[in-house]
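Before any comments, here is the structure.
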Amino acid sequence: MYFRYLYGIFVGIITILAVILFDAKGITAFALLALRPLIMRWKKMHFDERELSLFYKTNSITLGVIIFLIILMYFTIGQNAKDLFTPYWLTIFAASAVAIQGIVGLILLKLK
């Protein structure tokens, strides 16, 4: 489980940096996320029921954090800062969601 969450943090941060630095060409860094199932199959990682329930709990908490951040961005940034948005905001947001999922997963693993 640690690998899954650390890999998510790694891919999220790398993708955010790549999109900021290289614009449209940086979006290809998101393809690293597709390697996770292949690596997990290659290392023969299988999870039991407790780890799967922790994974589902991580997903629900991550969704709550993302909704909170969307509402916070809507009320704080609003219409005043249109120049701050990059045309690749959706990719940056998706990469940050992957990184947030990794952070929440590691926190939950440390608490259990």
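Data for the structure
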{"item": "On Cα atoms only, tilt of 49-76 relative to the major axis of the chain in degrees", "result": "10"}
{"item": "Percent RCO, i.e. relative contact order, over the chain, from Cα pairs under 8 Å lying at least 6 residues apart", "result": "54"}
{"item": "Degrees separating the helix 89-111 axis from the principal Cα axis of the chain, which is the longest one", "result": "40"}
{"item": "Net dipole in debye of the stretch 2-111 [+1 Lys, Arg Cβ; -1 Asp, Glu Cβ; about Cα centre; nearest 20]", "result": "340"}
{"item": "Nearest-ten-degree value, helix 2-22 long axis tilted from longest Cα axis of the chain", "result": "20"}
{"item": "Exposure proxy ranking, count of Cβ atoms within 10 Å, fewest first, for ASP48, ASP23", "result": "ASP48, ASP23"}
{"item": "Highest-fluctuation residue, LYS25, LYS44, LYS57 considered, GNM on the chain with Cα pairs under 10 Å", "result": "LYS44"}
{"item": "Sequence of ILE71, ILE13 once ranked by neighbouring C-beta atoms within 10 Å, starting from the fewest", "result": "ILE71, ILE13"}
{"item": "Packing-based exposure ordering (other Cβ within 10 Å, fewest first) of MET1, MET73", "result": "MET73, MET1"}
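Readers should treat all values here as calculations from the given coordinates under stated rules, not as data from a laboratory. Quick caveat: nothing in here was measured; it's all calculated off a predicted structure. Counting neighbours? That spans all protein chains shown, and the Cβs are built from the backbone with ideal geometry, glycine included.
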